[in-house]
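Below: one structure, written as structure tokens.
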């Protein structure tokens with residue numbers, strides 16, 4: 001029988017597991033290396049050079065991974081723009097994934113820029129170059145994080161202080177905060193749609209300025225549209241995949257009706273994306289490059305298979321009814337989608353024969369450590385706050401337990 | 001050579017004066033810069049003997065530590081442009097025919113520079129009078145988008161510094177104030193690289209082509225139209241793209257192409273604003289419905305809404 005998710009409920013169980021400590025160790029190493037990087041320069045810890053001047057931190061942690069962080073955007077569009085309130089129960093998880101992914105990415109940018117103290121100038125609009133796509137990305141991401149995502153995440157946090165064991169003044173403050181959130185909510189979710197639409201597409205436009213330095217299989221005026229749609233697809237895949245793993249890990253029932261539906265929407269979006277991608281290749285007459293079988297064409301074909309197969313499979317009910325099958329397809333789709341977002345920035349970026357880039361071990365640790373930081377944030381939050389969805393029976397059971405002396 | 005150096009210096013001096021002021025030119029306004037005001041260089045592969053006097057003159061004039069890495073500390077021998085090298089002479093040899101050519105690589109000072117369009121904090125600027133592209137570290141974030149954007153792979157970054165700078169040819173702007181020209185041009189014993197206004201140098205180049213039929217590759221001036229035109233011009237006897245610095249580029253500048261795509265999407269920032277206004281009016285209604293339903297559910301089941 002299918003479980004019907006209706007309420008968000010915190011996960012019971014200890015926070016400080018061996019997994020937590022392993023992640024904390026990685027994050028700690030990343031922070032130490034980041035401090036060392038500040039003194040010794042970027043060259044001391046990374047494989048970056050004058051040809052490949054953007055590496056893992058910007059291209060992977062930000063450009064690639066914030067696509068997974070578009071979960072809040074993807075579900076938000078469904079709930080608020082298309083008015084499908086039945087998915088509202090997923091909003092907390094989706095918004096949490098987004099805020100963690102974006103925060104982790106922003107920390108990555110902080111370590112990546114060579115003169116981070118100059119970020120204060122962003123507050124002075126007279127220093128802005130309004131033609132810069134990077135400036136737009138920077139401002140829209142910060143705005144989304146501070147205005148959109150904070151508002152979407154705030155209720156789950158302050159709600160906790162309304163419980164009995166907190167002092168009266170705290171309750172009062174929490175109440176005021178919630179009222180304020182409710183008043184600005186429609187404006188905030190409006191921003192939470194506009195701002196990601198802008199910067200997720202502009203992450204693609206960024207590489208357009210590199211012109212002929214990006215291989216023609218990827219370099220196209222369609223980059224902003226393809227990047228945005230892929231963010232939507234990967235945001236969907238992330239929310240479904242992460243909910244599946246979470247329910248498996250903490251022994252909670254899956255609402256396959258909702259997840260299957262999301263899987264179907266993901267598949268439809270993937271079909272649209274593929275049509276645009278393939279249409280663009282035909283339209284620009286790049287078909288011969290696809291079958292050249294050099295490393296670029298191999299990457300293109302790999303990407304196509306990884307995105308195509310799950311896209312087609314998830315259109316069929318048989319593959320969406322079985323959680324294991326759907327999960328596998330979503331992982332495949334995610335790998336393909338992330339590959340698409342990463343390839344134009346690094347693998348298909350052609351700065352000249354004399355340059356070579358492969359991330360160094362400290363660079364991999366820093367990059368991985370920032371991801372670990374996001375996962376730690378996730379573990380902490382779902383175990384302390386009501387985030388993950390459960391059926392009503394679980395909710396009542398938890399209430400019964402907590403009200404018992 | 002019919003080149004009036006004094007006029008060129010005059011143009012450069014006004015440029016220096018403007019640079020001292022607060023005026024800034026943004027990527028797109030630069031197109032209005034008149035040809036006779038733009039300073040330029042003209043490099044001729046048929047005259048260059050590869051003596052590299054310009055390479056050492058450049059590092060001396062710009063106070064750079066000579067890069068001796070490739071020679072084990074004996075000679076100034078940079079392999080590529082780097083954070084110690086703003087100017088380099090490269091050699092091209094065709095193994096089969098023995099055809100050889102030198103090529104000078106430094107910032108091309110594009111008429112519509114991609115680096116200036118890229119820079120979020122306007123740390124890279126195009127001088128509104130003489131068109132020289134310069135870097136000012138006051139607001140530079142060290143984001144290195146200029147390195148990604150530059151089609152000629154020119155801006156270099158100090159990878160091992162605590163406070164890294166962007167290093168690139170600035171047309172010896174500090175010498176302009178003293179009434180001197182770029183060090184590389186002044187030191188060249190063969191006048192293989194000369195400076196002047198862009199208008200003058202295009203005339204010189206056209207005259208050389210007319211006087212020497214068949215000498216230059218396709219009778220072409222590289223930089224006249226490439227990427228919307230550059231202020232460093234090249235006459236080559238070998239196909240430019242073989243030389244390693246002069247990449248094949250279209251006539252339209254890349255920032256212009258990107259601008260047109262962004263404009264289609266943003267319509268001068270109008271579309272996000274209209275979309276936001278339209279959206280919030282719908283969302284306000286949705287939100288009211290949502291609040292009412294939540295209240296209804298709370299009355300029925302006693303469950304407070306989880307926003």
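Does the stretch B:235-243 include one or more residues that are within 23 Å of residue B:88 (Cα to Cα) and under 16 Å from the mean Cα position of the chain (by Cα)? Write out each step before concluding.
Initially, the stretch B:235-243 is screened for residues within 23 Å of residue B:88 (Cα to Cα), giving B:235-243.
Right, trim to under 16 Å from the mean Cα position of the chain (by Cα) and you get none.
No: the stretch B:235-243 contains no residue that is within 23 Å of residue B:88 (Cα to Cα) and under 16 Å from the mean Cα position of the chain (by Cα).
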Does the stretch B:229-248 contain any residue that is facing another protein chain (nearest Cβ under 8 Å), more than 30 Å from residue A:77 (Cβ to Cβ), out of contact with any strand residue (DSSP E or B) (no Cβ under 9 Å at 6 or more places or on another chain) and in a loop (DSSP other than H, G, I, E, B)? yes
Can you give me the number of residues within the stretch B:34-52 that are more than 20 Å from residue B:215 (Cβ to Cβ) and surrounded by fewer than 17 Cβ atoms within 10 Å (Cβ to Cβ)? 4
Just checking, does the stretch B:101-112 include any residue being within 11 Å of another protein chain (Cβ to nearest Cβ), part of a helix (DSSP H, G or I) and within 22 Å of residue B:253 (Cβ to Cβ)? no
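Please tell me if residue B:95 is over 21 Å from residue B:233 (Cα atoms), in the same structural domain as residue B:127 (by TED's automatic domain parsing) and not in a loop (DSSP other than H, G, I, E, B). Walk me through how you get there before you give the answer.
Values: over 21 Å from residue B:233 (Cα atoms): yes; in the same structural domain as residue B:127 (by TED's automatic domain parsing): yes; not in a loop (DSSP other than H, G, I, E, B): no.
For residue B:95, the condition - over 21 Å from residue B:233 (Cα atoms), in the same structural domain as residue B:127 (by TED's automatic domain parsing) and not in a loop (DSSP other than H, G, I, E, B) - is not met.
Is it the case that some residue within the stretch A:133-150 is modelled with pLDDT under 90, farther than 23 Å from residue B:268 by Cα and more than 12 Å from chain B (Cβ to nearest Cβ)? Give the derivation first.
Residues of the stretch A:133-150 that are modelled with pLDDT under 90, as a first pass: none.
No, because not a single residue in the stretch A:133-150 is modelled with pLDDT under 90, farther than 23 Å from residue B:268 by Cα and more than 12 Å from chain B (Cβ to nearest Cβ).
Is it true that residue B:182 is over 19 Å from the mean Cα position of the chain (by Cα) and either over 20 Å from residue B:243 (Cα atoms) or outside the structural domain of residue B:251 (by TED's automatic domain parsing) (or both)? Full working, then the answer.
Numbers: over 19 Å from the mean Cα position of the chain (by Cα): no; either over 20 Å from residue B:243 (Cα atoms) or outside the structural domain of residue B:251 (by TED's automatic domain parsing) (or both): yes.
So residue B:182 fails the test.
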Condition met for residue A:307 (away from chain B (no Cβ under 14 Å), touching a residue at least 24 places away in the same chain (Cβ under 8 Å), assigned to a helix (DSSP H, G or I) and under 30 Å from residue A:268 (Cβ atoms)): yes
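Check B:12, B:77, B:41, B:19 and return the single one that is touching a helix residue (DSSP H, G or I) at 6+ places or on another chain (Cβ under 7 Å), modelled with pLDDT of 85 or more, under 23 Å from residue B:178 (Cβ atoms) and in the same structural domain as residue B:232 (by TED's automatic domain parsing). Write out each step before concluding.
Values: B:12 fails: modelled with pLDDT of 85 or more; B:77 fails: under 23 Å from residue B:178 (Cβ atoms); B:19 fails: modelled with pLDDT of 85 or more.
Step by step, each of B:12, B:77, B:41, B:19 is checked, and only B:41 is touching a helix residue (DSSP H, G or I) at 6+ places or on another chain (Cβ under 7 Å), modelled with pLDDT of 85 or more, under 23 Å from residue B:178 (Cβ atoms) and in the same structural domain as residue B:232 (by TED's automatic domain parsing).
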Determine which single condition residue A:89 fails, assuming it passes every other condition in (1) modelled with pLDDT under 95; (2) within 21 Å of residue A:262 (Cα to Cα); (3) in contact with a helix residue (DSSP H, G or I) (Cβ under 7 Å, 6 or more places away or on another chain). (3)
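Residue-wise test of (1) at pLDDT 95 or above; (2) touching a strand residue (DSSP E or B) at 6+ places or on another chain (Cβ under 8 Å); (3) over 29 Å from residue B:286 (Cβ atoms); (4) within 12 Å of another protein chain (Cβ to nearest Cβ).
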{"position": "A:161", "(1), (2), (3), (4)": "no, no, no, no"}
{"position": "A:173", "(1), (2), (3), (4)": "no, no, no, no"}
{"position": "A:179", "(1), (2), (3), (4)": "no, no, no, yes"}
{"position": "A:194", "(1), (2), (3), (4)": "no, no, no, yes"}
{"position": "A:201", "(1), (2), (3), (4)": "no, no, no, yes"}
{"position": "A:204", "(1), (2), (3), (4)": "no, no, yes, yes"}
{"position": "A:229", "(1), (2), (3), (4)": "yes, no, no, no"}
{"position": "A:239", "(1), (2), (3), (4)": "yes, no, no, no"}
Residues satisfying the stated conditions in the stretch A:97-117, i.e. within 12 Å of another protein chain (Cβ to nearest Cβ), in contact with a helix residue (DSSP H, G or I) (Cβ under 9 Å, 6 or more places away or on another chain) and either closer than 13 Å to residue B:120 by Cα or part of a helix (DSSP H, G or I) (or both): A:109, A:110, A:111, A:112, A:113, A:116
Which one of the conditions (1) buried (at least 20 other Cβ atoms within 10 Å of the Cβ); (2) more than 9 Å from every other protein chain (Cβ to nearest Cβ) does residue A:120 fail to meet, given that it meets all the rest? (1)
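The values are calculated or read from the model by the stated rules, or taken from the named source; none is laboratory data. Note that the structure is a prediction, hence the values are computed from the model and not measured. Cβ coordinates were reconstructed from backbone atoms using ideal geometry, including for glycine residues, and neighbour counts include every protein chain displayed.
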